[in-house]
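These notes are about the structure you will find just below.
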Amino acid sequence: MSDHILLRDEEGVRHITLNRPDKRNALTAAMYATMADALTEAANGGQVRAVLFSGAGGFFTGGNDIGDFLANPPQGPDAPVFRFLMALATSPLALVAAVEGQAVGIGTTMLFHCDLTYAAPNARLHVPFVDLGLVPEAASSLLMPRTMGHATAARMLMLGEPLEAEEAKQAGILSGIVPVEALAATATAKARALAAKPAEALRQTKALMKPNPQEVLAVMAKEAEIFSRSLRSPEAIAAFQAFMGRSKK
């Protein structure tokens, strides 16, 4: 259990809030474990119909906490980050995200598993995996080109260029752009609207919209294998050392 993840259930919606604003909501292994358990419990409990992800302090997430990541590198499918990604990809529940500010790494790739994503005008989606000597995760190497086309996906995944909110909406990632002051209320209202729908019809509709989950899971597993191997590569080690050096200045 992580104190940096806030959980509450209200009107059929499980709110999962990343609450580490002093670190731009950077994710640790403990945070991943808490979110994985929260998603799995929600899917099996029967009372929760929708899940809403958000971040505290004006950020969605700055991605992985590099220090924690190096101290607790993911090893195998039982690693907290992979458990979270599996729970996210296989959840039968309606998933909603409210994105304000930075959405780095998994903060962007997880959105491709959400059914509705609303963002503030200052949202900035960034996936700098290659810059860190790594490869994509969360089946984003499949889902990003499929959603936005190869050219835009290559800009993000290969060049590491970020997308601002308006371009992300045009690329099909966002359901809408909402003023910062209205973002939480809008996303909550949409999540509650989903939770109020006939539960089985909603689940079946989501399943029909995602007809080949095994393809996604297979790509996710292949990414995870290469990702874990890449962590030990000289270029990744050099990139992480450079990042840690910059962060200490």
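Nothing in this text is a laboratory measurement; each read-out follows from the coordinates by a stated rule. Owing to the predicted nature of the structure, the values given are computational and were not obtained by experimental measurement. Methodologically, a virtual Cβ is constructed for each residue, glycine included, from the backbone with ideal geometry; neighbour enumeration extends over all protein chains shown.
Each 5 Å bin from zero up to the one holding the largest Cα-Cα distance in region 137-235 carries the following percent of pairs: 2, 10, 13, 16, 17, 19, 13, 7, 3, 1, 0.
Based on alpha carbons, the Rg and Dmax found for region 32-165 are 14.6, 43 Å.
Arrange Glu215, Glu137 by Cβ neighbour counts within 10 Å, fewest through most, would you?
Glu215, Glu137
Where does the charge balance sit around Glu167 when Lys and Arg score +1, Asp and Glu -1, over other residues with C-beta under 14 Å from its C-beta? In short, 0.
Compute the length gained on full extension between Ala56 and Arg246: take 0.36 nm times their separation in residues and subtract their Cα-Cα distance, giving the result in nm to one decimal. Length gained, Ala56 through Arg246: 66.0 nm.
One compactness figure for region 88-172 is 1.01, namely its Cα radius of gyration divided by 2.2 N^0.38 Å. About its Cα centre, the dipole of the chain is roughly 120 debye, where the only charges are +1 on Lys and Arg Cβ and -1 on Asp and Glu Cβ. Along each principal axis, taking the top coordinate minus the bottom one, the Cα set of the chain gives 52, 39, 38 Å in descending order. Using a Gaussian network model of the chain whose springs link C-alpha atoms within less than 10 Å, name the residue from Lys23, Lys210, Lys190 with the highest mean-square fluctuation. Top of the fluctuation ranking is Lys210.
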